[in-house]
1. Consider the candidate values (1) 76, 39, 17; (2) 63, 29, 22; (3) 50, 48, 26; state which one is Cα extents along the principal axes in Å computed from the structure displayed.
2. Students often forget the sequence filter, so: which lysines lie under 25 Å Cα-Cα from Lys59 once same-chain residues fewer than 8 apart are removed?
3. With point charges of +1 on the Cβ of Lys and Arg and -1 on the Cβ of Asp and Glu, referenced to the Cα centre of the range 52-115, which listed residue (Met93, Ala66, Leu56) lies farthest in the positive direction of the dipole?
4. Give the carbon-plus-sulfur fraction of the accessible surface of the range 40-134 in %, rounded to a whole number; probe 1.4 Å, heavy atoms of protein chains only.
5. Among Val12, Val103, Cys84, pick out the residue whose Cα is farthest towards the positive end of the charge dipole of the range 1-109, where Lys and Arg carry +1 and Asp and Glu carry -1 on C-beta, about the Cα centre.
6. What accessible area per residue comes out for the chain, rounded to a whole number of Å², with a 1.4 Å probe?
7. Can you compute the helix-only [θ] at 222 nm over the chain? Use -39500 (n - 2.57) per DSSP H run of at least 4 residues, normalise by all residues, nearest 500 deg cm²/dmol.
8. Taking the Cα centre of the chain as the origin, how large is its charge dipole in debye, to the nearest 20, when only Lys and Arg (+1) and Asp and Glu (-1) carry charge on their Cβ atoms?
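The values are calculated or read from the model by the stated rules, or taken from the named source; none is laboratory data. Keep in mind the model is a prediction, meaning the values are calculated, not measured. Here the Cβ positions follow ideal geometry from the backbone for every residue, glycine too, while neighbour counts run over all protein chains shown. Just so you know, the surface numbers come from the protein's heavy atoms only, side chains and all, with ligands and any DNA or RNA stripped out. Shrake-Rupley method; radii C 1.70, N 1.55, O 1.52, S 1.80 Å.
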Amino acid sequence: MTKRNTIQRQLVIAAVRFLADHPTAEEVYDRITMEYPDISKGTVYRNLNSLVESGLLGKVSVPSDADRFDHILTRHYHIKCTHCGMFMNVEDMDYIEGLDEKVGEVTGFKMEDHDIVFNGVCPECQKLEAKEKN
């Protein structure tokens, strides 16, 4: 059974694409309510999850933080600044194919999926830290 392409689904996809920086569900909701203040938070959250289940959006699980949503559907890595919270794609790095299978072989787990989020300090925060030390 295919999902209907409702206005709400279109709004959610458009918001994720517009925000383009891996928004949280709350950020998607805030963006949509700027133009459509009557949409409910539940509607936005349900549509985000439905779009992920349908394969039209990606979801990145972030340990100790809110899940992020991604309009880029090819496999890639992400990085988060531990100081300012910036969240972005790791560019110019090949995705390691077969990693799930390798981990499964080593651990005996039947692998389903993985999310790798690198954590570090972004260049802008490094500059600010350097200025504060001087």
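1. (3)
2. Qualifying lysines at Cα under 25 Å: Lys3, Lys41, Lys80, Lys102, Lys110.
3. Ala66
4. On the way: 3530 of 6630 Å².
Carbon with sulfur: 53 percent of the solvent-accessible area.
5. Value: Val12.
6. Values: 9330 Å² over 134 residues.
Ligands and nucleic acids excluded, the result is 70 Å² per residue.
7. Rounded to the nearest 500, the figure is -13000 deg cm²/dmol.
8. The dipole of the chain has a size of about 420 debye.
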